[in-house]
1. Over region 17-214, what percent of the accessible surface lies on carbon and sulfur atoms, probe 1.4 Å?
2. Give me P(r) over region 168-216, computed from all C-alpha to C-alpha distances, binned every 5 Å, as integer percentages.
3. Using the Karplus equation 6.51 cos²θ - 1.76 cosθ + 1.60 (θ = phi - 60°), what ³J(HN,Hα) coupling, rounded to whole Hz, does each residue of region 58-67 give in order, writing x for Gly and Pro?
4. Nearest 5 is fine: what % of DSSP beta bridges in the chain come out antiparallel, could you say?
5. Quick one: net charge around E21, please, counting Lys, Arg +1 and Asp, Glu -1 for every other residue with C-beta under 12 Å from its C-beta.
6. Could you check the spin-label model distance between N33 and S123? Points 7 Å from the Cα along Cα→Cβ, value in nm.
7. Which residue, R189, R107, R163, has the most motion in a Gaussian network model of the chain that connects Cα atoms within less than 10 Å?
8. Starting from the 7 Å offset along Cα-to-Cβ, what nm value, one decimal, do you get for the label separation of I169 and N136?
Amino acid sequence: MRLCYNRIERGKKVSYFITFEGADGCGKTTQLNNISKMLTDMNIENVTTREPGATPLGVELRKILLHYEGPVADECETFLYLADRAQHVQNFIKPSLKEGKIVLCDRYTDSTVAYQGYGRGVSVEKLNYLNDIATNSFKPDLTIVFDVDSETAQTRVGKEKDRLESEGIEFYKKIRFGYLKMAENEPDRIKVVDASKSIDEVFEQTKAIILGFLNK
Ligand SMILES: Nc1ncnc2c1ncn2[C@@H]1O[C@H](COP(=O)(O)OP(=O)(O)OP(=O)(O)O)[C@@H](O)[C@H]1O
Ligand SMILES: [Mg+2]
C-alpha cells in the first residue's frame, strides 16, 4: 500500500514526496528540473532537493562523501549517507511537505540500497533497517528509476568524476541490477523509465507517470 504523507486533491493544497533514482549519468537531475518547471507552470507548489548535501550539515558531509581522498570503509560511507538523510528528512523534507509543497528529491533511501548494498555488498536487509532508523520509516510516495545501460550512463558523466563516479563499470552494472530488483519488489511505489531515449522522450515518460499519479 502506498504511504501518502498528504493526499492531493485537485484544487486543494498538494503535498507529495517524490524521489528520482538511478545510477550516475542516467538523467535524474535533468528530469527533476523539467518536472519542477512543469509543476510550477501548472501552479503546483514544489521544491527540489538532493542527497547528499541539502542541509548546512549535509553540505559538510557531501564534501567528505564525494571528495575525501583517503580510504573510506564501506560502512563508514553508509553511515555518512544515513546521517545526511536523517538531517534532511527532519529539517527539510518534512517541513516542506507541511508547507503544502510537492518535494522532488534527487536520490534517497534507494540510492543507499543500490550503491552500498548491491554495489558495495553491504547487507540489503541491514540497510533497509538502517534506512528505517535514519528516516523514522518515512517513505517516498512515488519513486522514478531512470534506467539506462551502464556504458551509456558513463558517457553522460562529465570528465570531472567524483569519488563514486570513478568506480569501474562493473560497480555500475550491479547498481543498475539493484534498482531494477527494487522496482520489481515494490511495483506500486517504484516506476521505471527507459532513460536510454532522448531527453524529450524521457521527459514524456516521466511526465505521464507523475500526472498519472497526481490524478489518481
Ligand atoms: N536522455 C538523455 N540523453 C542524452 N543525454 C542526456 C539524457 N539525459 C541527460 N543527459 C545528459 O547527461 C548528463 C548527465 O545528466 P544528469 O546530470 O541529469 O544525470 P544524473 O542522473 O543527475 O547524474 P548524477 O547522478 O551524476 O548527478 C547531462 O549532461 C545531461 O544533459
Ligand atoms: Mg544529478
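1. Working: 4860 of 9190 Å².
With neighbouring chains kept in place, the figure for region 17-214 is 53 percent.
2. Going from the shortest bin to the longest, the percentages are 4, 19, 19, 21, 23, 10, 3, 1, 0.
3. x, 4, 5, 5, 4, 4, 5, 4, 8, 10
4. On the way: 1 of 19 bridges.
Looking only at bridges with both residues in the chain, the antiparallel portion is about 5 percent.
5. Working: positive: K28, R50, R107, R176, R189, K191; negative: D24, E51, D106, D110, D147, E186.
Every neighbour counted, the sum reads 0.
6. Those two pseudo-labels are separated by 4.1 nm.
7. Most flexible of the set in this elastic network: R163.
8. Label at I169, label at N136, 4.5 nm between them.
The values are calculated or read from the model by the stated rules, or taken from the named source; none is laboratory data. Just so it is clear, the structure is predicted and the values come from calculations on it, not from any experiment. Neighbour counts are summed over all protein chains in view; Cβ atoms, including those assigned to glycine, are modelled from backbone coordinates with ideal geometry. With ligands, DNA and RNA removed, areas are computed over all heavy atoms of the protein, side chains included. Shrake-Rupley method; radii C 1.70, N 1.55, O 1.52, S 1.80 Å.
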